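What follows is a set of notes on a single structure, which appears directly below.
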Amino acid sequence: MAGTSASNMTARPELLVVAPLMPFVMEALRRDYTVHDRIHTNDPAAFAAAAPRIRGVVANGEAKVPRELIARLPALEVISVFGVGYDGVDVAAAHERGVPVTNTPDVLNDDVADLAIGLLLAVARRIPQADRFVRADEWPGAAPTLGRKVSGGRLGIVGMGRIGQAIAHRAAAFRMDIAYTARSPRANVNHTHYPDAASLAAAVEFLVVITPGGAATRGMIDARVLAALGPEGYLVNVARGSVVDEPALIEALRSGVIAGAALDVFASEPHVPEALRAMPNVVLTPHIGSATRQTREAMGQLVLDNLRAHFTGAPLLTPVDA
Ligand code: 8YV
């Protein structure tokens, strides 16, 4: 069968990489494949020449693989995403063509959950502000502003998938009272389920967002949800910037509708609105949920293993559902 035999592996399948990938992943890809690095955006002539031969696309969590790109690749057989989130990939268009999509689930659960807890503590306990206070040598003349207690607090988790559950597990060690919203209650989860983000927000002090991006969740955390979270409430987003209505969030932070926010993801990364960057009650990180050496290596290995499986006719390790 074309594209799945071991001999085709030795024929060096051609891949289009559509996002900046870590050097070790690029080096490993180049050992087995002919790699075209982002030529679809930076070298249209080279792309037009190579497109008919491209059999695999490699993306990351932020990259776009739209229907139009898929349509320009008649020999495409597989799309492999370096990330658990694949909202940038038009999976329906790929599956219509019989092209499977793979992602990197599970290997990053710990890191993203660790960061969610870290951001929660950072914003509530004002850790970055305290660091700046010491560095500016303000300590001799003033007392630091008091923070907000986290242990024993009420936590709401928006999205109770694998990472949501890892966050809940950690929060339990802080004796937090945990509730969540998800499309339907999860049989294996022993926390209170709320039907939507607004009712959950009204019941908690800390709202952590870890739901997939894409059309179904776009703008889910809107002005109404933020009003429900209230002036003592904190928002943490480690999911996708698209899940939060960013202008509504800025307004809520500015006017005291909520107390603060800690954000790892933004609507137009890597650009973060000046309004957010100027606010004292926010903690901002540059999409580092999975950014440890250990986890990024595991993600890269899973990308390589999925591609190898495909091009040698073995079952894919982590295909995404239709
Ligand atoms: C990115 C992510 O993929 O897993 C995801 O969905 O958003 C991240 O892990 C990572 O930043 C690489 O771009």
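The values are calculated or read from the model by the stated rules, or taken from the named source; none is laboratory data. Because the structure is a prediction, the values reported are computed rather than measured. Note that each Cβ is placed from the backbone with ideal geometry, even for glycine, and that neighbours are counted across all protein chains shown. The area values use the complete protein model at the heavy-atom level, side chains included, leaving out ligands, DNA and RNA. Shrake-Rupley method; radii C 1.70, N 1.55, O 1.52, S 1.80 Å.
For the stretch 9-167, give the share of DSSP beta bridges that are antiparallel, in percent and rounded to the nearest 5; count only bridges with both residues there.
The antiparallel fraction comes to roughly 0 percent.
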Checklist outcome for this item: In a Gaussian network model of the chain with springs linking alpha carbons closer than 10 Å, the residue among 190, 109, 306 that fluctuates most is 190
Checklist outcome for this item: Of every hundred units of 1.4 Å-probe accessible area on the chain, the number belonging to carbon and sulfur atoms, as a percent, is 54 percent
Checklist outcome for this item: Sorted on mean Cβ neighbours within 10 Å (highest first), peptides 257-263, 207-213 come out as 207-213, 257-263
Checklist entry - Hey, what's the chain come to in accessible area per residue, 1.4 Å probe, Å²? => result 47 Å²
Checklist entry - Of the beta bridges DSSP finds with both residues in the stretch 6-93, what % are antiparallel, to the nearest 5? => result 0 percent
Next on the checklist: Given the DSSP H assignment, sum -39500 (n - 2.57) over each helix run of at least 4 residues in the chain and divide by its residue total; what's the result at 222 nm in deg cm²/dmol, nearest 500?
Outcome noted: -10500 deg cm²/dmol
Next on the checklist: Given points 7 Å out from each Cα along the Cα-Cβ axis, report the residue 297 to residue 169 separation in nanometres with one decimal.
Outcome noted: 2.1 nm
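Beta carbons within 10 angstrom, averaged per residue: use that to sort the peptides 239-245, 46-52, highest first.
239-245, 46-52
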Checklist entry - Using the Karplus equation 6.51 cos²θ - 1.76 cosθ + 1.60 (θ = phi - 60°), what ³J(HN,Hα) coupling, rounded to whole Hz, does each residue of the stretch 48-54 give in order, writing x for Gly and Pro? => result 4, 6, 8, 3, x, 9, 6
Checklist outcome for this item: Each label sits 7 Å from Cα toward the beta-carbon; between residue 129 and residue 177 the label points are separated, in nm, by 2.5 nm
